[in-house]
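Comments concern the structure below.
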Amino acid sequence: MSNAFGAKFDKVCEILDRYEKRPTNLIPILQEIQEEYSYLPEDVMTYVATAIGTSPGSVFGVATFYSHFTLTPKGKHVIRVCDGTACHVRKSAEIIKTLEAELNLNAEKKTSSDLMFTLETVACLGACGLAPVVVADDEVHGAMTKEKTIELIKSIREGEVAHA
Amino acid sequence: MRAQTASIDKMLVPIEGEKNLLELCRKAGIELPTFCYHSEISVYGACRMCMVELEGRGIVPACSTKPEAGMVVRTNTGEIRSMRKMIIELMLANHAQSCFTCKKSGDCRLQSIAKQLGVDTIRFKKTNRDEPLDLSSKAIVRDPGKCILCGDCVRVCSEIQSVGALDFAYRGAKAQVGPCYSKGIGEIECVGCGQCVKVCPVGALTPKYQVAEVWNAIHDSSKKVVVQVAPAVRVALGEYFGKEPGSLSMGRIITALRRMGFDRVYDTCFGADFTVIEEGKEFLKRRESGKNLPLFTSCCPAWVKFAEQYFPDFLGNLSSCRSPQQMFASLCKEQLPAELGITREELVVVSVMPCTAKKFEASREEFQKNGIPDVDYVVTTQELALMIKESGIDFNKLELGSFDMPFGFSTGASVIFGSSGGVSEAVLRFAAETLEKGSSQEFRQLRGLNGIKTAEITIGKETLSMVAVSGLANARKVIDQIRSGEASYDLVEVMACSGGCVNGGGQPVCADSLDKRAKGLYDSDKMLQFHVSSENPYLQQIYAERLDDHKSHELLHTKYKNRKRIDQEELILAESSGERVLTLEICFGTSCFVRGAQQLYQDLMEYIRSSGLEDKTQFKASFCGQQCKKGPVLSVNGKSIEKCTRELAISEIEKALNLV
């Protein structure tokens, strides 16, 4: 994800050109745009609809149909908690609850107000031997507990402070 | 060769080009229940109500199965019956149970099919949630809690109208039908035609009623309330009272309106006669000068909004004439207060229309004077039926009444406005009368239910090329042909609803009644004394006494504007962190996009980077600055440049930066 001046929208134009502004390429177009923006902003979807000659309603329909697409901005750090069978029996629910309390989130609100964290649950990460598993950004943390989860968030926050 | 047949419930039914088993069953006199099948839109197969048993193939949906010779079909087995019942029960478990207060009650297909199938219990847990009404549109009310996801509105809006204002969103148990970004239907590109209302089997989409407002006005003793009735209403209202489609009930409607308390009962056709004269003159003038041809008609408010959104470059071709509803009302508000001895504020004009978009039209700011609309309230045919029933009037026993004068007098030319092709025919009659006095021709070439009807018509030495279009997707097709040079016309009549106003979104819902309603209008034309609008004596009198060129322009003509499709905020394309000295705003609306806005953006970004301006610039986009004809439009620090090119933009940017 680039923050340089105008880079994101340049990329949108490039993506549309590369896919020849064809309506049948809508899904890959949206996928690549989401990679740029981390989500699908409404105004960009309207631009895509204009460019490929369809109605914004049908772009919105596709964007809301697939769970891969998200219409709200994601936080800087994405925390994924595995809630597959193995993790679930090893109390992943408790970890989710802890994270929700710590980050002031709930079932509807997945991203913290400061846009720092997004909490996601996933069905299985295929690392059942490490259950319960939490993936913070791209780092895997196994055999998680309530305490270790709080510690993890604390260290990410401290890292942010050190950077700033 | 022996006729090909299929066996349906042990009857041998000949296959004669039916597209699907459902049509074949209908021919055999079997009415299969369905929510999502409409002959004029694509087959969707979503509701699963029309399932039949096909020997050798099991249970299949009749609507999406092609008839083949030798098929053995059963429509009424125990298994199918219990399946249909269960589907209805599942739908009901997920549907608001507010039938008592639902506007669709009595006309609701879910209600009638549940009754038809004898559903007397719902075995499933209730799962529906009431959702807030969408009241954002002037024309249509959406009640998402009642939607059964049949998709009829989605298909009619995209296939017949090529608008696509409604679509499916989300999925599974959360699936819903609605406008983009969960906005209100009044905040998006919906043109208000009401064809979605017409096909919605339940109460999820209904006209926005103004019944209560009209009653209040009638009961307000300080007001004089006059009413105008559109042509298409008189051949459809009777259907609510057991009459055949197309049977003329104007006389009874007039008596009913008087009994309900309207002070004057007038005819929109009187306005339509003025439309014919004004549009006819405009047409002949443009023919002479060769400018702004073809002339597009402007009677249909849904078409006008459609053109404003999608075809800004054709707005100059639209007739500047107001629609009959608005011509009638501006004349009324101009002339009646003095005659009735009241102020303009004390006069209330009510319209009875077959159309939901007329409600939107009445609210347009072009049709207001000092904040008071020319038409105060618009009720649809179905609202009028409700009001008559509410008044306790036994419609079929009413004596026949006649209109009040002078605004109740009309010619046959204006009555046929309600059917596609009618406006063209009326204008042609006037043109023929003007070019060849006493020719009294009829011009039947543009009658019928086809979506695109063309005719070459010779009057004297002139040959006119005409096309009457109904359905906005057809209008888009014809405009594309005109643009590409594939076709050329002198006059293009556009009606948003297939078949014209007789099929409006506020009319009673009844399949196969369109040709009958249209016939009713043409019969009515025959019965009237005059057939050319210019023969209307009251109209002649008003022209002579009140309407000079200036006045008729003020009262009978209007202007159009470019209109954005969606209320949406701007899009930040690029933003600097430093102190900003340059703000660029580019229009990314449809029209500017087509005229190369994206290339312009890319060129300018290259310029900004090569000039090292990244730190000082904000580049944003809006979705239509409503200057479409002059696109692409770019604004540099608030100064707008039309038909902008790279060179123009850069010279303006350099100027702006020197100033800073």
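Within the range B:158-174, the set of residues being under 23 Å from residue B:497 (Cα atoms), at the interface with chain A (Cβ under 9 Å from one of its Cβ atoms) and assigned to a helix (DSSP H, G or I) comprises just one member, B:158.
Just to be sure before I move on: is residue B:232 of a type in the set (A, V, I, L, M), more than 22 Å from residue B:108 (Cβ to Cβ), without any contact (Cβ under 8 Å) to a residue 40 or more places away in the chain and not in a strand (DSSP E or B) in the structure I sent? For residue B:232, the condition - of a type in the set (A, V, I, L, M), more than 22 Å from residue B:108 (Cβ to Cβ), without any contact (Cβ under 8 Å) to a residue 40 or more places away in the chain and not in a strand (DSSP E or B) - is not met.
Which one of these is in a loop (DSSP other than H, G, I, E, B) and farther than 30 Å from residue B:245 by Cα: B:281, B:285, B:333, B:291? From the options B:281, B:285, B:333, B:291, the qualifying one is B:291.
Checking each residue in the range A:93-121 for being among the polar types (S, T, N, Q) and loosely packed, with under 13 Cβ neighbours inside 10 Å picks out A:104, A:106, A:113. A search for C-beta distances below 9 Å between a residue of the range A:133-161 that is outside the structural domain of residue A:83 (by TED's automatic domain parsing) and any residue that is surrounded by 14 or more Cβ atoms within 10 Å (Cβ to Cβ) and among the aromatic types (Phe, Trp, Tyr), counting only pairs 6+ apart in sequence or on different chains, returns nothing. Taking helices (runs of 4 or more DSSP H) as the structural unit, those lying wholly within the range B:356-466 and holding at least 2 residues that are touching a Lys or Arg at 6+ places or on another chain (Cβ under 6 Å) correspond to B:357-363. Please determine, by comparing only the residues of the range A:53-71 that are assigned to a loop (DSSP other than H, G, I, E, B) and either under 19 Å from the mean Cα position of the chain (by Cα) or of a type in the set (Asp, Glu) (or both), which one is nearest to residue B:154 (Cα to Cα). Only one residue fits best here, namely A:66.
Of all residues in the range A:19-45 being within 13 Å of chain B (Cβ to nearest Cβ), more than 19 Å from residue B:609 (Cβ to Cβ) and in a helix (DSSP H, G or I), which is nearest to the chain's Cα centre (by Cα)? The selected residue is A:37. Which one is farthest from the other protein chains (Cβ to nearest Cβ), of the residues in the range A:1-12 that are surrounded by fewer than 18 Cβ atoms within 10 Å (Cβ to Cβ) and assigned to a helix (DSSP H, G or I)? If we take residues in the range A:1-12 being surrounded by fewer than 18 Cβ atoms within 10 Å (Cβ to Cβ) and assigned to a helix (DSSP H, G or I), then A:11 is farthest from the other protein chains (Cβ to nearest Cβ). Among residues belonging to the range B:8-50 that are over 31 Å from the mean Cα position of the chain (by Cα), touching a residue at least 40 places away in the same chain (Cβ under 8 Å) and closer than 18 Å to residue B:79 by Cβ, point out the one that is surrounded by the fewest Cβ atoms within 10 Å (Cβ to Cβ). By that ranking, first place goes to B:9. Residues in the range B:138-157 that are in contact (Cβ under 8 Å) with a residue 60 or more places away in the chain and not in a loop (DSSP other than H, G, I, E, B): B:140, B:141, B:142, B:144, B:152, B:155, B:156. Restricted to the range B:552-660, the set of helices (runs of 4 or more DSSP H) holding at least 2 residues that are within 14 Å of another protein chain (Cβ to nearest Cβ), out of contact with any strand residue (DSSP E or B) (no Cβ under 8 Å at 6 or more places or on another chain) and within 30 Å of residue B:137 (Cα to Cα) comprises B:590-594.
The values are calculated or read from the model by the stated rules, or taken from the named source; none is laboratory data. Everything quoted here is computed from the prediction, not taken from an experiment. Here the Cβ is made from the backbone with ideal geometry for all residues, glycine too, and neighbour counts use every protein chain on show.
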